[in-house]
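Down below is the structure, laid out as structure tokens.
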There are 4 protein chains.
Amino acid sequence: MQSRTSGTRAGRPRSAAAATAILAATREALVEVGWSGLTLGDVATRAGVAKTTLYRRWSGKNELVVDAVAELFDELELPDRGSLAADIEGVVLQFAAILARPEARSGLMAVVAESTRDDALRERIRESIVNRQKHLVLEGRSRAQARGELPEEPDPSESARTVDLIFDMIAGAVVHRALVSAEPVDTEWARSFAGLLLHGLTASTTA
Amino acid sequence: MQSRTSGTRAGRPRSAAAATAILAATREALVEVGWSGLTLGDVATRAGVAKTTLYRRWSGKNELVVDAVAELFDELELPDRGSLAADIEGVVLQFAAILARPEARSGLMAVVAESTRDDALRERIRESIVNRQKHLVLEGRSRAQARGELPEEPDPSESARTVDLIFDMIAGAVVHRALVSAEPVDTEWARSFAGLLLHGLTASTTA
Amino acid sequence: MQSRTSGTRAGRPRSAAAATAILAATREALVEVGWSGLTLGDVATRAGVAKTTLYRRWSGKNELVVDAVAELFDELELPDRGSLAADIEGVVLQFAAILARPEARSGLMAVVAESTRDDALRERIRESIVNRQKHLVLEGRSRAQARGELPEEPDPSESARTVDLIFDMIAGAVVHRALVSAEPVDTEWARSFAGLLLHGLTASTTA
Amino acid sequence: MQSRTSGTRAGRPRSAAAATAILAATREALVEVGWSGLTLGDVATRAGVAKTTLYRRWSGKNELVVDAVAELFDELELPDRGSLAADIEGVVLQFAAILARPEARSGLMAVVAESTRDDALRERIRESIVNRQKHLVLEGRSRAQARGELPEEPDPSESARTVDLIFDMIAGAVVHRALVSAEPVDTEWARSFAGLLLHGLTASTTA
DNA sequence: CACTAACCGAGACGGTACGTCCCGTCTTTCT
DNA sequence: AGAAAGACGGGACGTACCGTCTCGGTTAGTG
């Protein structure tokens with residue numbers, strides 16, 4: 001039993017198609033039965049795969065759903081709409097569109113809830129979902145700075161803190177509006193939100 | 001023969017002590033085992049109550065946790081700290097203190113996740129948690145208007161929309177910071193957030 | 001629940017009617033749902049009585065069913081059909097007719113089963129059901145002796161043993177045929193049985 | 001890809017030891033707590049088996065107890081004691097010895113009671129218990145015919161009816177004496193019974 | 001080009017919690 | 001004062017999934 005400590009392992013390799021099928025089946029099941037109704041046995045059946053195959057690759061429901069949901073947010077992008085206000089409105093509406101999909105709604109909040117007692121899961125969410133989208137804030141800010149809408153920020157540490165703050169404000173407000181308040185995130189709301197974020201409460205009118 | 005058409009119901013009345021004990025036991029169990037590990041049988045045992053008593057009053061885990069968590073937020077208040085910025089900072093820190101408690105962290109997000117597929121539950125959350133705290137925004141605004149920090153808002157419909165928007169922004173940002181980004185909501189962050197909310201991105205400095 | 005639809009409305013003399021109603025409701029429930037599906041709550045509801053009233057008079061399901069079933073067997077009688085063989089055939093068919101009723105089938109065997117671990121219940125069954133019917137054997141024998149079909153039996157102790165033996169043989173055979181073998185107890189079978197009981201296996205023909 | 005169309009079923013095979021352990025545990029539990037106190041969860045625990053394993057193989061308490069009790073009767077046999085009377089006495093005493101065991105007493109009557117409302121159960125009892133022991137009557141008769149104690153029976157249909165009749169009389173009388181009358185089935189009673197069965201009531205003396 | 005190790009499906013395994021039903025007891029209210 | 005209504009603590013039900021463990025059989029790389 002000496003060799004094979006590195007590189008090509010002997011035996012039959014894992015099927016590449018299986019992982020894809022499993023993640024797709026996970027999203028499909030999330031749509032139909034939601035997080036709490038989702039069972040790994042059902043996912044395996046939908047994917048045409050044995051339960052053991054699934055457990056060989058993911059340690060449980062939480063990790064599987066994080067991977068399945070993370071892919072959904074990769075379609076976010078920030079086309080240049082000419083002004084910071086328009087850019088914010090655009091990304092808010094894109095984000096809302098993703099949150100309108102059932103697999104994102106129930107999957108995202110559920111894994112966040114689970115992560116409150118599972119540090120490894122929380123870190124996995126931050127890496128796979130949260131930090132992966134922060135580039136949107138950076139792009140939007142530098143574009144606005146190039147337009148002269150925002151001042152330069154010389155202190156890099158302060159700059160990072162501000163990016164985090166803005167990300168939390170945008171993502172938090174949209175999620176709260178969509179999932180907790182359960183009110184529509186439409187163009188009107190997005191415009192009001194962008195106006196408030198840009199000019200603050202003290203401006204004479206928020207809309 | 002008109003009896004019992006109103007008011008006093010026949011039979012042994014429900015124990016008032018049971019409800020209190022059950023809700024307290026629910027929070028205790030949330031602290032120790034979290035949402036996914038929470039069992040109604042365990043809650044009943046902790047409360048010194050039969051499982052049937054619990055099911056007679058709540059239809060399931062979701063509804064029970066909503067009620068147990070909602071009580072936590074009733075301790076929020078808005079003491080007058082002299083300025084709108086200070087008031088916002090204060091309520092943000094209070095809210096963060098509640099979200100630091102394990103029973104709130106895991107309970108709140110979990111029921112929100114469940115509510116994405118259960119309209120009755122979503123409505124229950126709105127009534128018991130969200131709308132119950134909106135008075136804080138109203139108080140803060142009228143106090144700020146009395147101080148002259150904010151202009152009057154003549155249109156009542158527009159006024160209500162603004163209250164909702166501000167509530168989503170504050171609650172959303174704090175929840176996202178605390179639970180999704182998993183970063184501390186401390187005095188410094190609260191000050192930055194209040195500054196940004198008051199003056200907007202276009203102000204020269206956020207801190 | 002208006003109840004008390006008849007006459008005397010002053011006091012509360014319902015006590016007497018309750019026992020009758022409860023026993024009738026027990027038999028009705030036995031017919032519809034059988035022994036294992038019979039619940040005391042259901043019996044109480046059918047009888048228009050509170051559960052507490054029922055428990056005040058019977059200690060449980062077993063005792064209640066013994067009383068309800070015992071009454072069924074009181075309709076057995078032994079009309080003189082002219083010969084011992086005809087008398088035996090007659091009582092066998094009467095007994096079979098009772099065992100064809102669902103409340104007797106399931107009720108009788110169930111309480112016998114319970115009585116294997118409950119001495120008080122066994123004694124109650126013997127008093128209320130078994131010994132109450134032994135007079136049939138006595139009558140049949142003395143009638144046959146008067147006809148000269150059977151010899152006199154001088155020893156009273158031996159006489160009692162024989163009565164018990166014959167009772168066990170008749171009742172046992174009919175119960176076994178009807179409930180265990182689940183074959184019909186019809187005129188033909190009754191005639192074969194009576195012939196065998198009268199003349200024994202060694203007679204050349206049993207039918 | 002044609003494989004597994006017959007014979008070898010896929011997946012892990014059922015444990016042979018489990019069935020044995022479960023049936024033994026069922027009898028053990030019947031002895032200790034009786035039919036009405038018997039719990040499938042308790043049986044599973046005693047057998048060192050999960051409740052699901054038990055439900056995978058039996059549909060409920062009734063079916064399980066039929067199988068557990070049926071095995072008890074397989075120890076019945078008919079050694080040649082030299083005469084028909086002695087053979088009958090012998091099998092009666094053997095049967096009584098089995099019915100003296102608590103697991104047989106409460107189990108047998110209970111499933112018979114249940115079978116009054118469950119045709120499938122009744123058929124199962126007939127196959128597993130009743131018909132399985134009828135060979136005893138056949139053996140005893142042919143042995144007696146060989147000895148010249150009984151005449152030959154030419155009509156096969158009549159012959160089968162007589163076997164059923166005798167079986168009902170023997171089994172019924174013993175069960176009734178042991179469980180309903182609750183009197184001992186001892187050598188004296190067995191001798192009286194055999195005498196009556198052989199020679200009938202009309203013979204001058206039954207003992 | 002046969003070996004053979006690691007994979008695959010199927011499905012039984014020991015468990016845990018579910019939500020329901022009924023038990024037998026106890027309050028409370030109404031008559 | 002006595003019966004109805006019905007909540008109470010408790011226990012078993014039969015089901016659904018969990019995550020693990022055999023099984024028989026397949027597949028790719030290596031020796």
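The values are calculated or read from the model by the stated rules, or taken from the named source; none is laboratory data. In this text, all values refer to a predicted model and were calculated from it rather than measured experimentally. Note that we place each Cβ from the backbone using ideal geometry, even for glycine, and neighbour counts take in every protein chain shown.
Any chance segment B:191-203 includes a residue that's under 24 Å from B:Ala97 (Cα atoms) and of a type in the set (Ser, Thr, Tyr)?
We begin by selecting, within segment B:191-203, every residue under 24 Å from B:Ala97 (Cα atoms); these are B:191-198.
If we keep only those that are of a type in the set (Ser, Thr, Tyr) too, we end up with B:192.
Yes, segment B:191-203 contains a residue that is under 24 Å from B:Ala97 (Cα atoms) and of a type in the set (Ser, Thr, Tyr).
Across segment B:138-159, what is the number of residues that are closer than 16 Å to A:Leu201 by Cβ and part of a helix (DSSP H, G or I)?
12
Among the residues that make up segment A:19-30, is at least one of them more than 12 Å from chain B (Cβ to nearest Cβ), modelled with pLDDT under 95, within 15 Å of DNA strand E (Cβ to nearest atom) and outside any helix (DSSP H, G or I)?
The answer is no, given that none of the residues of segment A:19-30 is more than 12 Å from chain B (Cβ to nearest Cβ), modelled with pLDDT under 95, within 15 Å of DNA strand E (Cβ to nearest atom) and outside any helix (DSSP H, G or I).
May I ask you to list the residues in segment D:109-135 that are without any contact (Cβ under 8 Å) to a residue 60 or more places away in the chain and aliphatic (A, V, I, L, M)?
Across segment D:109-135, the qualifying residues are D:Val111, D:Val112, D:Ala113, D:Ala120, D:Leu121, D:Ile125, D:Val130.
Sort through A:Asp42, A:Asp67 and tell me the only one that's touching a residue at least 24 places away in the same chain (Cβ under 8 Å) and of a type in the set (D, E, K, R).
On inspection, the qualifying residue turns out to be A:Asp67.
What's the number of the condition A:Arg141 fails, among (1) within 13 Å of the chain's Cα centre (by Cα); (2) surrounded by 18 or more Cβ atoms within 10 Å (Cβ to Cβ)?
So the condition that A:Arg141 fails would be (1).
Does any residue of segment B:48-66 turn out to be within 16 Å of DNA strand F (Cβ to nearest atom), aromatic (Phe, Trp, Tyr) and within 26 Å of A:Ala104 (Cα to Cα)?
no
Given the conditions (1) surrounded by 13 or more Cβ atoms within 10 Å (Cβ to Cβ); (2) more than 12 Å from the chain's Cα centre (by Cα); (3) not aromatic (Phe, Trp, Tyr), and given that C:Gly82 satisfies all but one, which numbered condition is not satisfied?
Here C:Gly82 meets the rest and fails (1).
Out of (1) closer than 19 Å to C:Ala24 by Cβ; (2) more than 12 Å from the chain's Cα centre (by Cα); (3) surrounded by 18 or more Cβ atoms within 10 Å (Cβ to Cβ); (4) more than 15 Å from DNA strand E (Cβ to nearest atom), what's the single condition that is false for C:Pro102?
Evaluating C:Pro102 over (1) closer than 19 Å to C:Ala24 by Cβ; (2) more than 12 Å from the chain's Cα centre (by Cα); (3) surrounded by 18 or more Cβ atoms within 10 Å (Cβ to Cβ); (4) more than 15 Å from DNA strand E (Cβ to nearest atom) leaves (3) as the failure.
Is at least one residue of segment D:179-186 more than 9 Å from chain C (Cβ to nearest Cβ) and of a type in the set (Ser, Thr, Tyr)?
Start the filter on segment D:179-186 by keeping residues that are more than 9 Å from chain C (Cβ to nearest Cβ), which leaves D:184-186.
Now drop any that are not of a type in the set (Ser, Thr, Tyr), which leaves none.
No.
Kindly provide the set of residues from segment B:70-88 that are closer than 30 Å to B:Ala18 by Cα and touching a residue at least 60 places away in the same chain (Cβ under 8 Å), ordered by number.
Within segment B:70-88, B:Ala70, B:Phe73, B:Leu76 qualify.
Looking at segment B:46-75, which of its residues are within 8 Å of DNA strand E (Cβ to nearest atom) and under 21 Å from the mean Cα position of the chain (by Cα)?
Passing the criteria: B:Ser59, B:Gly60, B:Lys61.
Test of understanding: among D:Ser159, D:Ser192, which residue is over 20 Å from the mean Cα position of the chain (by Cα), over 30 Å from C:Glu123 (Cα atoms) and of a type outside the set (Asp, Glu)? It would help to see each step written out before you state the result.
On the way: D:Ser192 fails: over 30 Å from C:Glu123 (Cα atoms).
Only one candidate passes the filter, namely D:Ser159.
Would it be correct to say that D:Ala171 is assigned to a helix (DSSP H, G or I) and among the small types (Gly, Ala, Ser)?
For D:Ala171, the condition - assigned to a helix (DSSP H, G or I) and among the small types (Gly, Ala, Ser) - is met.
Criterion first (in contact with a Phe, Trp or Tyr (Cβ under 8 Å, 6 or more places away or on another chain) and buried (at least 21 other Cβ atoms within 10 Å of the Cβ)) does C:Gly107 satisfy it?
Spelling it out, C:Gly107 is indeed in contact with a Phe, Trp or Tyr (Cβ under 8 Å, 6 or more places away or on another chain) and buried (at least 21 other Cβ atoms within 10 Å of the Cβ).
Please work out if A:Leu38 is within 13 Å of DNA strand F (Cβ to nearest atom) and surrounded by 17 or more Cβ atoms within 10 Å (Cβ to Cβ).
yes
C:Ala194 versus (1) touching a helix residue (DSSP H, G or I) at 6+ places or on another chain (Cβ under 9 Å); (2) more than 9 Å from chain D (Cβ to nearest Cβ); (3) not in a helix (DSSP H, G or I): which is the lone unmet condition?
(3)
If you take just the helices (runs of 4 or more DSSP H) that sit entirely in segment C:31-137, which of them hold at least 1 residues that are under 30 Å from D:Gly200 (Cβ atoms)?
C:61-73, C:84-99, C:102-115, C:119-125
Please determine whether any residue of segment A:46-66 is at pLDDT 95 or above, under 30 Å from A:Arg141 (Cβ atoms) and within 14 Å of another protein chain (Cβ to nearest Cβ).
There is at least one residue in segment A:46-66 that is at pLDDT 95 or above, under 30 Å from A:Arg141 (Cβ atoms) and within 14 Å of another protein chain (Cβ to nearest Cβ).
Can you tell me which residues in segment C:158-178 are hydrophobic (A, V, I, L, M, F, W, C) and facing chain D (nearest Cβ under 7 Å)?
Of everything in segment C:158-178, those that are hydrophobic (A, V, I, L, M, F, W, C) and facing chain D (nearest Cβ under 7 Å) turn out to be C:Leu165, C:Met169, C:Ala171, C:Ala173, C:Val175.
So in segment C:163-207, with the set limited to residues that are among the hydroxyl-bearing types (Ser, Thr, Tyr) and modelled with pLDDT of 95 or more, which one is surrounded by the most Cβ atoms within 10 Å (Cβ to Cβ)?
Going through the qualifying residues, I end up with C:Ser192.
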